[in-house]
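**Student:** Take a look at this one; I'll ask things after.
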Ligand code: AHM
Ligand code: MG
């Protein structure tokens with residue numbers, strides 16, 4: 001029987017790609033892998049809570065039962081604290097960034113931004129959810145790391161990844177040298193390399209968007225949806241519509257099969273819904289590293305200026321040709337209000 005390479009073995013092997021690194025990033029990735037296994041265990045028994053009579057109030061250790069997203073947040077923070085390689089954690093679950101002041105972290109060089117349990121409203125109905133993480137070098141030197149260490153452009157990411165808790169559990173990550181996927185083998189409790197050097201097809205036939213908000217979409221997005229639905233044998237249209245409502249699961253499927261995932265600005269979410277720092281940037285880094293594309297409809301996600309920790313952005317992400325087509329529609333039917341054309345509009349009034 002062929003023995004699969006574990007995540008731990010793979011990380012050590014790849015350390016040679018960073019000749020000046022002393023293994024801190026490898027240890028950080030290992031810590032994230034450990035937390036992912038613990039969260040996976042809880043996600044997997046989510047439905048049992050009621051049966052075991054533990055839900056809502058007190059668990060067997062006498063602790064209050066936590067919502068899974070809070071639980072996941074605590075597990076990742078605790079793993080990163082104990083690992084000693086991270087000086088700040090920024091999380092969707094915490095309003096402010098969390099400095100890590102412990103003795104073993106005093107020389108830590110890395111910042112981790114994460115969404116500990118993305119799509120958590122899907123937990124109750126046994127649909128895939130995910131964890132998203134993004135790793136940066138601390139920029140400041142001396143003293144405590146600050147919010148400016150967190151607010152770096154996506155291009156500055158050192159590594160990014162996601163865990164998908166689906167029909168199997170996978171961890172997919174990049175350190176800027178391609179994308180590799182690992183599937184958790186529950187019998188040995190290890191993530192094993194199952195998807196080496198992942199590449200997203202240039203074209204796809206899946207479009208993924210919450211069409212319930214159609215009336216609230218920009219015209220460019222409406223036109224793109226109509227384009228996807230038109231019959232055209234040459235381009236394999238009509239395309240297939242698939243929307244899970246967990247970004248990790250939707251993007252993961254498209255990464256493997258080809259497709260585009262769009263969460264645009266809407267009338268009720270004028271800046272988009274998804275968060276730039278710990279949702280859009282890491283997914284954009286991964287998809288670009290797999291040969292795909294990610295924009296906000298006009299500009300590359302990774303180049304966007306980051307002003308706030310919980311900043312939102314529209315996102316068009318996936319197969320390059322599909323994102324290009326959607327962008328074309330945006331440019332045509334929802335041109336970006338740049339300073340120049342804004343001034344033009346003012347003059348017209
Ligand atoms: P969350 O971080 O609160 O879980 O929200 C993010 C999720 C994404 O995973 C998903 O793509 C999107 O929200 C779904 O939103 P909607 O229900 O508006 O389509
Ligand atoms: Mg989220």
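The values are calculated or read from the model by the stated rules, or taken from the named source; none is laboratory data. Note that the structure is predicted; figures quoted are calculated from it, not measured. FYI the Cβ positions are ideal-geometry reconstructions off the backbone, even for glycines, and counts take in every protein chain you see.
**Student:** Would you mind listing the strands (runs of 3 or more DSSP E) fully within region 226-329 where at least 2 residues are outside the structural domain of residue 155 (by TED's automatic domain parsing) and either more than 17 Å from residue 205 (Cβ to Cβ) or more than 14 Å from ligand 1 (Cβ to nearest atom) (or both)?
**Tutor:** On the way: elements: 260-263, 293-295, 315-318.
Answer list for region 226-329: 293-295.
**Student:** Given (1) within 14 Å of ligand 2 (Cβ to nearest atom); (2) outside any helix (DSSP H, G or I); (3) under 18 Å from residue 248 (Cα atoms), identify the lone condition not met by residue 122.
**Tutor:** The failed condition is (2).
**Student:** Report every pair of residues separated by at least 6 positions or lying on different chains whose Cβ atoms are under 8 Å apart, first residue within region 321-349 and at pLDDT below 55, second not in a helix (DSSP H, G or I).
**Tutor:** So the pair list comes out as 345/337.
Yes/no per residue for (1) assigned to a helix (DSSP H, G or I); (2) farther than 24 Å from residue 140 by Cβ:
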position	(1), (2)
70	yes, yes
73	yes, yes
77	yes, no
81	yes, no
90	no, no
94	no, no
104	yes, no
108	no, no
112	no, no
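**Student:** Turning to a different aspect of this structure: Going residue by residue through region 195-210, is there one that turns out to be surrounded by fewer than 15 Cβ atoms within 10 Å (Cβ to Cβ) and at pLDDT below 95?
**Tutor:** no
Conditions tested, residue by residue: (1) over 30 Å from residue 16 (Cβ atoms); (2) within 16 Å of ligand 2 (Cβ to nearest atom); (3) under 19 Å from the mean Cα position of the chain (by Cα).
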residue: 171; (1), (2), (3): no, no, yes
residue: 193; (1), (2), (3): no, no, no
residue: 218; (1), (2), (3): yes, no, no
residue: 226; (1), (2), (3): yes, no, no
residue: 241; (1), (2), (3): yes, no, no
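**Student:** Scan region 78-88 residue by residue and report those that are farther than 15 Å from residue 26 by Cα and either within 16 Å of ligand 1 (Cβ to nearest atom) or crowded, with 23+ Cβ neighbours inside 10 Å (or both).
**Tutor:** 87, 88
**Student:** Has region 161-177 got at least one residue that is at pLDDT 95 or above and assigned to a helix (DSSP H, G or I)?
**Tutor:** no
**Student:** Here is a follow-up. Quickly run through region 217-234 and pick out the residues that are surrounded by 15 or more Cβ atoms within 10 Å (Cβ to Cβ) and touching a residue at least 24 places away in the same chain (Cβ under 8 Å).
**Tutor:** First, the residues of region 217-234 that are surrounded by 15 or more Cβ atoms within 10 Å (Cβ to Cβ): 217-218, 220-225, 227-228.
Correct list: 217, 218, 220, 221, 222, 223, 224, 227.
**Student:** Could I ask something else about it? Away from ligand 1 (no atom under 14 Å from the Cβ), within 17 Å of residue 325 (Cβ to Cβ) and more than 16 Å from the chain's Cα centre (by Cα): is that true of residue 186 in this structure? Step through it out loud before you land on a result.
**Tutor:** Working: away from ligand 1 (no atom under 14 Å from the Cβ): yes; within 17 Å of residue 325 (Cβ to Cβ): no; more than 16 Å from the chain's Cα centre (by Cα): yes.
In short, no.
**Student:** Could you list, in sequence order, all residues of region 225-240 that are in contact with a helix residue (DSSP H, G or I) (Cβ under 7 Å, 6 or more places away or on another chain) and more than 14 Å from residue 326 (Cα to Cα)?
**Tutor:** Scanning region 225-240 gives 237, 238.
**Student:** Given the structure, is residue 33 closer than 17 Å to residue 117 by Cβ and either at pLDDT 70 or above or in contact with a helix residue (DSSP H, G or I) (Cβ under 7 Å, 6 or more places away or on another chain) (or both)?
**Tutor:** Numbers: closer than 17 Å to residue 117 by Cβ: yes; either at pLDDT 70 or above or in contact with a helix residue (DSSP H, G or I) (Cβ under 7 Å, 6 or more places away or on another chain) (or both): yes.
Spelling it out, residue 33 is indeed closer than 17 Å to residue 117 by Cβ and either at pLDDT 70 or above or in contact with a helix residue (DSSP H, G or I) (Cβ under 7 Å, 6 or more places away or on another chain) (or both).
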